[in-house]
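As structure tokens, the structure follows; a few thoughts come after it.
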Amino acid sequence: MWFKREYSEYGCPMCGRLPVLAEGQTEKYYETLKAVKTITIYRLQCPRKHLSTNWYSDLGSASINWKHVVDEYKREDTK
């Protein structure tokens, strides 16, 4: 039995899939402490890599940016 993929308002505008979380790490040097701290950074991207957001230090900002990217793509003047 075949199931139809459900439409999501904030899925990728090109394929309709929901974004996946990409996680990375970066290092930040603190001069006052003379130490290096590793920070985890996040971004949301289409599973087929059509669209992606910038890197953010928290998931909330990446999620908000994904909504802005999708809204910007869906505007009529960008097509």
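Below, the figures for the structure above:
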item: Selection from region 32-79 of residues that are in contact with a Phe, Trp or Tyr (Cβ under 7 Å, 6 or more places away or on another chain), among the β-branched types (Val, Ile, Thr) and closer than 19 Å to Val20 by Cβ; result: Ile41, Thr53, Val70
item: Any hit, region 21-43, residues being surrounded by 14 or more Cβ atoms within 10 Å (Cβ to Cβ) and part of a loop (DSSP other than H, G, I, E, B); result: no
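A quick yes/no check of all residues on (1) among the hydrophobic types (A, V, I, L, M, F, W, C); (2) under 10 Å from the mean Cα position of the chain (by Cα); (3) modelled with pLDDT under 90:
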position: Phe3; (1), (2), (3): yes, no, yes
position: Ser8; (1), (2), (3): no, no, yes
position: Leu33; (1), (2), (3): yes, no, yes
position: Asn54; (1), (2), (3): no, yes, no
position: Ser57; (1), (2), (3): no, no, no
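The values are calculated or read from the model by the stated rules, or taken from the named source; none is laboratory data. Note that the coordinates shown come from a computational prediction; the quantities given were computed from them, not determined experimentally. Neighbour counts are summed over all protein chains in view; Cβ atoms, including those assigned to glycine, are modelled from backbone coordinates with ideal geometry.
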